[in-house]
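Peer 1: Just passing along the structure, written as structure tokens.
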């Protein structure tokens, strides 16, 4: 992809006017905290990875924080969430304990999966978070299954199934669109379009427009700016209303950007340093909400300091726990294969 | 307190690298996420980002240094209110733990090679045969589903042509009329998608029965059966189970050619986290499928199209269930043990009948469950007969016979008086021509020949 100007020019314009209607100052501050927690958590995870304390694959969410924070802000506790392998941010946004998530990354018994899942595989029944899946595209059919269960039980819940622009080329996505539309399943397919399927730019991997693909299944779609949490929230409010109202599925394409590599061992040769730098400097979602709050005049620069400190403390505590929690007992090798 | 910045590992295999460039100098302020240095690994040049905010107090490893071990302190970061004196006192220290302090492969000397076998409670099957009804395997399967759907509102059936068409092989006949279209669901021809849907619904606690028109088409869905259904309980540390049944006809039917004639017993039997059943008779079909629907784990039910129309006596008691993981001795014998599953049980019984005429007493074991395999029943039989012939319609390589041979060698090697012998489908894609198809499939004569060979009666 060429040097991006704005990730979603049009949507951005809409939200400038919408911002004050979309969230109260308290909510905006909460979004700042939620996103900062993800950012600091991921930076710490990167550091622990660098120290050899986290192994294997580790896909960081840095840059994309506004997507899950904005969408999650309009959901209800009974709703189900499912995502792929870039999942730490989703878990934190679902209210899962940072200590349990970080300890899973280090493969310790205090992790959400007792150290048996790893970065890509964590779940929380309590928070209706259904993973954490490593097969690209799998979240769509699994997601419509969760949505099917909401409809079967008539519990009023909906499902958000996240996947990326790369996954949007998998056949199972369209098998899922078809059934979701036929049966009016309460699901939001959320395309986190960070412009690259691993190292291949959207221009090189995807023909046509993602939302037009959904149109072919009679599924309406929305596009929004994923570097602006208020824009995401605004779009999500609209989409959720449609889906919870029994009108069937919708697709929400969120234009975003990951600052880090696809996984930790990505040298990033497929995009320019300038492109990454431009996104970090001029489109950062955390800076954006911070500025919006400051412009609102209710908070000063200094008022952010204790918040930043508080978040740092939470993350440090998680990192500490993740290093001190014992490794799983060898007997755990044989448990949880069957019920 | 000042913070040591350590040489990071940028891949799980990296142990050292070259510190090729410092982007920040001593005295520079850095923010979390800013690039401070570049390092070269064996694979690529990558950037090192600051995790904490502060000022670079001291650079401990100059740029251009090669072979810097992972976790070596490379710089000192001063936090707010600290000065260079703090940095000066921070001499490089030996890092106590190497980056990968855990042994590459945990010693397994004391560990068993596979998970402990779950205890299976057997039933008094004869008791249930006091009240029976003669019905086809097809009807037995339908009754199993209907009874379990009456019992549990979370059970539903989905698949191609299961509702209005009444089942491609009429197995779901009448279910739509009784349970309605909320619970009997016609899907598009989209195996990968609806298998995934079923798994997702099972994560949420429903109990789907996913019918594949044949297991050949489940190849399109095997990712969800293995990666999503079988592995999630383990990946979730026991938090999230997947109570689902995948069922449909497996193995060769009749004259349907290579792409519709394959046995998947060893494929699914290979996977920890799955249970796999292969019913033969009507009672098997009903009792095993009912158990499968009640089981909290994902179960693959391998049926056989040719068996659908065959009639058997089937217990009428709705509480008749056959425990998963138990084989059944269909015919007792003393000279040779013959194991078979699905349609081959009938062929093995016919072979045993003819062997008896020739004075060879064969014990025929109906495996019923492929995984977990009832090794105990088979081994006990082999301890008595000292011989084993394994029969399957599938290919031999890494097949069920190969597994049985290995297991018998492990548990009752000294009891064997002859090599375990396998009867199996020809190692070719299934031919269409009637004569070739017959040659490709195990016949009664093949079992008789094998039994005589191990009994040294040939």
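Peer 1: Can you pull out every residue in segment A:159-174 that is touching a helix residue (DSSP H, G or I) at 6+ places or on another chain (Cβ under 6 Å) and part of a helix (DSSP H, G or I)?
Peer 2: A:168, A:172, A:173
Peer 1: I've got another one for you. Can you pull out the helices (runs of 4 or more DSSP H) entirely within segment B:175-294 that have at least 2 residues that are in contact (Cβ under 8 Å) with a residue 40 or more places away in the chain and over 18 Å from the mean Cα position of the chain (by Cα)?
Peer 2: Once the helices (runs of 4 or more DSSP H) in segment B:175-294 are filtered for at least 2 residues that are in contact (Cβ under 8 Å) with a residue 40 or more places away in the chain and over 18 Å from the mean Cα position of the chain (by Cα), what remains is B:282-294.
Peer 1: Is at least one residue of segment A:105-119 more than 16 Å from residue B:234 (Cα to Cα), assigned to a loop (DSSP other than H, G, I, E, B) and either touching a strand residue (DSSP E or B) at 6+ places or on another chain (Cβ under 9 Å) or within 11 Å of chain B (Cβ to nearest Cβ) (or both)?
Peer 2: Yes; the residues of segment A:105-119 include at least one that is more than 16 Å from residue B:234 (Cα to Cα), assigned to a loop (DSSP other than H, G, I, E, B) and either touching a strand residue (DSSP E or B) at 6+ places or on another chain (Cβ under 9 Å) or within 11 Å of chain B (Cβ to nearest Cβ) (or both).
Peer 1: I'd like the full set of residues that are within 14 Å of chain A (Cβ to nearest Cβ) and over 11 Å from residue B:207 (Cβ atoms), limited to segment B:140-162.
Peer 2: Of everything in segment B:140-162, those that are within 14 Å of chain A (Cβ to nearest Cβ) and over 11 Å from residue B:207 (Cβ atoms) turn out to be B:158, B:159, B:160.
Peer 1: Test residue A:235 against the criterion of being more than 9 Å from every other protein chain (Cβ to nearest Cβ), in contact (Cβ under 8 Å) with a residue 24 or more places away in the chain, part of a helix (DSSP H, G or I) and over 19 Å from residue B:50 (Cα atoms), and give yes or no.
Peer 2: yes
Peer 1: Next question, about the same structure. In this structure, is residue B:341 buried (at least 23 other Cβ atoms within 10 Å of the Cβ), under 18 Å from residue B:268 (Cα atoms) and not assigned by TED's automatic domain parsing to the domain that holds residue B:275?
Peer 2: Judged against the criteria, residue B:341 is a match.
Peer 1: Among A:298, A:269, A:312, A:305, which is the only one that is loosely packed, with under 13 Cβ neighbours inside 10 Å, within 11 Å of chain B (Cβ to nearest Cβ) and either in a loop (DSSP other than H, G, I, E, B) or touching a residue at least 40 places away in the same chain (Cβ under 8 Å) (or both)?
Peer 2: Just a single option satisfies the conditions, and that option is A:269.
Peer 1: While we're looking at this one, here's another question. Being within 26 Å of residue B:243 (Cα to Cα), touching a helix residue (DSSP H, G or I) at 6+ places or on another chain (Cβ under 7 Å) and either assigned to a helix (DSSP H, G or I) or in contact (Cβ under 8 Å) with a residue 60 or more places away in the chain (or both) narrows it down to one of B:122, B:143, so name that one.
Peer 2: Result: B:143 is the single residue among B:122, B:143 that is within 26 Å of residue B:243 (Cα to Cα), touching a helix residue (DSSP H, G or I) at 6+ places or on another chain (Cβ under 7 Å) and either assigned to a helix (DSSP H, G or I) or in contact (Cβ under 8 Å) with a residue 60 or more places away in the chain (or both).
Peer 1: Does residue A:132 fit the bill of being at pLDDT below 95, touching a strand residue (DSSP E or B) at 6+ places or on another chain (Cβ under 9 Å) and buried (at least 19 other Cβ atoms within 10 Å of the Cβ)?
Peer 2: yes
Peer 1: Let me ask something additional. Quick check on my filter: what residues within segment B:241-272 are crowded, with 23+ Cβ neighbours inside 10 Å and within 10 Å of chain A (Cβ to nearest Cβ)?
Peer 2: B:242, B:243, B:244, listed by residue number.
Peer 1: What is the number of the single condition among (1) touching a helix residue (DSSP H, G or I) at 6+ places or on another chain (Cβ under 8 Å); (2) at the interface with chain B (Cβ under 7 Å from one of its Cβ atoms) that residue A:124 does not meet?
Peer 2: (2)
Peer 1: Taking residue A:37, is it assigned to a helix (DSSP H, G or I) and within 23 Å of residue A:121 (Cβ to Cβ)?
Peer 2: Spelling it out, residue A:37 is indeed assigned to a helix (DSSP H, G or I) and within 23 Å of residue A:121 (Cβ to Cβ).
Peer 1: Could you tell me how many of the residues in segment A:189-209 are surrounded by fewer than 24 Cβ atoms within 10 Å (Cβ to Cβ), outside any strand (DSSP E or B) and either touching a residue at least 12 places away in the same chain (Cβ under 8 Å) or in contact with a strand residue (DSSP E or B) (Cβ under 6 Å, 6 or more places away or on another chain) (or both)?
Peer 2: Adding up the residues that qualify gives 7.
Peer 1: Just to verify a result, which residue in segment B:77-95, among those that are at pLDDT 60 or above and assigned to a loop (DSSP other than H, G, I, E, B), is nearest to residue B:55 (Cα to Cα)?
Peer 2: B:79
Peer 1: Could you tell me which of the residues B:187, B:172 is at the interface with another protein chain (Cβ under 10 Å from one of its Cβ atoms) and touching a strand residue (DSSP E or B) at 6+ places or on another chain (Cβ under 8 Å)?
Peer 2: None of the others qualify; the one that does is B:187.
Peer 1: Can you name the condition, by its number, that residue A:177 falls short on among (1) out of contact with any helix residue (DSSP H, G or I) (no Cβ under 7 Å at 6 or more places or on another chain); (2) within 21 Å of residue B:187 (Cα to Cα); (3) within 12 Å of another protein chain (Cβ to nearest Cβ)?
Peer 2: Failed condition: (1).
Condition check ((1) in the same structural domain as residue B:9 (by TED's automatic domain parsing); (2) surrounded by fewer than 20 Cβ atoms within 10 Å (Cβ to Cβ); (3) in contact with a strand residue (DSSP E or B) (Cβ under 6 Å, 6 or more places away or on another chain)) across all residues:
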site	(1), (2), (3)
B:19	yes, no, yes
B:25	yes, yes, no
B:29	yes, yes, yes
B:34	yes, yes, no
B:42	yes, yes, no
B:51	yes, no, no
B:55	yes, no, yes
B:61	yes, yes, yes
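Peer 1: Can you name every residue in segment A:180-193 that is more than 14 Å from residue A:251 (Cα to Cα) and touching a helix residue (DSSP H, G or I) at 6+ places or on another chain (Cβ under 9 Å)?
Peer 2: Residue satisfying the conditions is A:183 alone.
Peer 1: In addition: Mind telling me which of the residues A:320, A:287, A:327, A:275 ends up being out of contact with any strand residue (DSSP E or B) (no Cβ under 6 Å at 6 or more places or on another chain) and modelled with pLDDT under 95?
Peer 2: A:275
Peer 1: Which condition does residue A:156 not pass, out of (1) in contact with a helix residue (DSSP H, G or I) (Cβ under 9 Å, 6 or more places away or on another chain); (2) in a loop (DSSP other than H, G, I, E, B); (3) away from every other protein chain (no Cβ under 13 Å); (4) under 27 Å from residue A:271 (Cα atoms), if it passes all the others?
Peer 2: (4)
Peer 1: Tell me which residues, restricted to segment B:205-228, are at the interface with another protein chain (Cβ under 10 Å from one of its Cβ atoms) and surrounded by 24 or more Cβ atoms within 10 Å (Cβ to Cβ).
Peer 2: Hits for segment B:205-228 are B:208, B:221, B:224, B:228.
The values are calculated or read from the model by the stated rules, or taken from the named source; none is laboratory data. Quick caveat: nothing in here was measured; it's all calculated off a predicted structure. Note that each Cβ is placed from the backbone with ideal geometry, even for glycine, and that neighbours are counted across all protein chains shown.
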